[in-house]
Amino acid sequence: MSYKDMVLKMPKTESESDSGINDGNIETFKNDPMISLTKEELQNSTDNALEDSENPVIVEFNAFKYNLSDLPDYYHIKEVYEKNYSYWKDYYVNSDEADQFFNRALELFKNDTVTCLRISDFNTTGLTGIEIAGKPSPWNNLVKDKGVSDKTGDKGGSFGIGKDASFACSEMRLVFYNTVNQDSESAFQGVLKLPSYKCGEDNYVGWGYISLNDGLNTKQKALRANVSIDPTYTRPEGVYGMDKYLFGFDSRVTDIEEEIILSSINNFTYAFMNGSLEVRTSKVKLNKDTIEKYIEIYKDDQRLKFGAKELYYTLKEPTKREHLSIYDENDVEILIRLGDNLSGRAAMIRKTGMKVFDKKRGLQKNLSFSAAIILKGKEINERFRKFENVEHTKWSVTKSPENKAKHDEMIGQFNELINQLRSEKYKEEVDADGVSEYLPLLYI
């Protein structure tokens, strides 16, 4: 069967309640859609890195034009947008968000082609658990489930909503998934996330699945094939990983290359520098050999977060490197760099290589430094992950009181290292001035 023979299946519901256009999970990523999307995709891919592989995880982005006439079940899909809009257009009195979304989506259907964004990863496990029904699996968690995450403690994702960053970047809220996994399975399926709606006597949940045409409307089964809809690309058979296709790629994104570079540097500098990640576009290859070049190019860009350049040189040329044992032996690595006019911040970095945030509160302020605190152990990643917010951009230790003491212990040991460096620096300065030989006289 060709993927073009697949059909859209819209599940019915007995519920009388409505779910509107403002899906909270999707709206979370609307402020900076491409920045958020890049972070989420790199996090998901590094979470699924092949164990014991000497090769980096590669994530590739490519925008292309897709012929809408090739869209599976084209007329039915278009009809669902029209029926959904017909239900919602008179529903709101004070809001025009539904009007804006459906007018834009239906406008796209008037064209011969639509812009799509392909995101592919390599040297990953791919999405396993394709045929597992009624329980979590990597395939179900991404493609079918809502708000479900079943990742182990040393992985980055934990809330199960990061997948909705893709829909925030699709002006049609339509995404296709393709995978070749390490169990030698292939699968391809599309997901449409619209508001719920009513048509005649039937109520629909709004989430549809472009699935196998088996003559039934109850089973949303994937096509068991390795499919590419990007005319410039084919995933080689046996090369594990996932391809994701975003339809109606967000027209607000004016420079995809720049936003990918900036988000990658802001969040994954450590992963690039330790050789575990590479990001590619049609024009850019960002890895351990090129990251310094791009940091220098964008050092004055306001979208490059404060401290990105500091972190790079801290990782490259630390003044001090130390290991702490919080839950397990040497499960935290500390890198500190001294210099003039540094921020006094410490980048909090997960095992996968993702920076969560730059910490300043609670750190010693008696020395000019920049630092990285890297959580290396599995248990500390699992426990401290509970501090994170949904966007993975900050910690709130009150969210996990049982782990607060260990967090405070880690920060206390870090501050001891700063005080030690300050004492050593002070002694060096005194010795350099030739004063130390006279210091004993002060006590005579």
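The values are calculated or read from the model by the stated rules, or taken from the named source; none is laboratory data. Worth saying up front: this structure is predicted, and the values here are computed from it rather than measured. Heads up, the Cβs are rebuilt from the backbone with ideal geometry, glycines too, and the neighbour counts pull from every protein chain shown. Surface areas here come from the heavy atoms of the whole protein model, side chains and all, with no ligands, DNA or RNA. Shrake-Rupley method; radii C 1.70, N 1.55, O 1.52, S 1.80 Å.
Using only Cα atoms, what is the ratio of the radius of gyration of the stretch 222-277 to 2.2 N^0.38 Å?
Normalised by 2.2 N^0.38 Å, the Cα Rg of the stretch 222-277 equals 1.50.
In the structure displayed, which of 39/110; 193/378; 293/376; 221/283 lie more than 29 Å apart, Cα to Cα?
From the list (39/110; 193/378; 293/376; 221/283), the Cα-Cα distance tops 29 Å for 39/110; 193/378; 221/283.
Amide H to amide H, which residues 5 or more places from residue 221 or on other chains are under 5 Å from it, using H placed in the peptide plane?
Residues meeting the amide H criterion: 212.
Taking only DSSP H segments of four or more residues, each worth -39500 (n - 2.57), what value at 222 nm results for the chain once the sum is divided by all its residues, to the nearest 500 deg cm²/dmol?
Values: 10 runs with 123 residues, N = 444.
Helix-only estimate at 222 nm: -8500 deg cm²/dmol.
Once phi is turned into θ = phi - 60°, what whole-Hz ³J(HN,Hα) does the Karplus curve with 6.51, -1.76 and 1.60 give for every residue of the stretch 310-318, x standing for Gly and Pro?
Computed from phi, the couplings for the stretch 310-318 are 4, 4, 4, 6, 5, 5, 7, 9, x Hz.
Taking θ = phi - 60°, what integer Hz values does the Karplus form 6.51 cos²θ - 1.76 cosθ + 1.60 yield along the stretch 22-29, in sequence order, with x for Gly and Pro?
8, 6, x, 5, 6, 4, 3, 9
What distance in nm separates the two pseudo spin-label positions at residue 368 and residue 51, each 7 Å out from Cα along the beta-carbon direction?
Spacing of the two 7 Å Cα→Cβ label points: 4.7 nm.
With a 1.4 Å probe and all protein chains left in place, how much of the accessible area of the stretch 342-409 comes from carbon and sulfur atoms, in whole percent?
Carbon and sulfur together cover 49 percent of it.
Kirkwood Rh, the chain, all Cα pairs: how many Å?
23.9 Å
Cross-link list 30/406; 12/355; 9/89; 144/406: which exceed 30 angstrom alpha carbon to alpha carbon?
The answer is 30/406; 12/355; 144/406.
Under a 5 Å amide H to amide H cut-off, with H placed in plane at 1.01 Å, what residues pair with residue 359 once short-range neighbours are removed?
Hits under the 5 Å cutoff: 346, 347, 348.
Using the Karplus equation 6.51 cos²θ - 1.76 cosθ + 1.60 (θ = phi - 60°), what ³J(HN,Hα) coupling, rounded to whole Hz, does each residue of the stretch 356-367 give in order, writing x for Gly and Pro?
Working through the residues one at a time gives 7, 6, 9, 8, 10, 4, x, 9, 4, 10, 9, 7 Hz.
Going through the stretch 72-102, which chymotrypsin sites (Phe, Trp or Tyr not before Pro) have at most 13 other Cβ atoms within 10 Å and a DSSP loop state?
Here the chymotrypsin sites (Phe, Trp or Tyr not before Pro) that fit, given the DSSP loop and packing criteria, are 91, 92.
Just the number please: accessible area per residue for the chain, 1.4 Å probe, all protein chains included, in Å².
Here the residues of the chain average 47 Å² of exposed surface.
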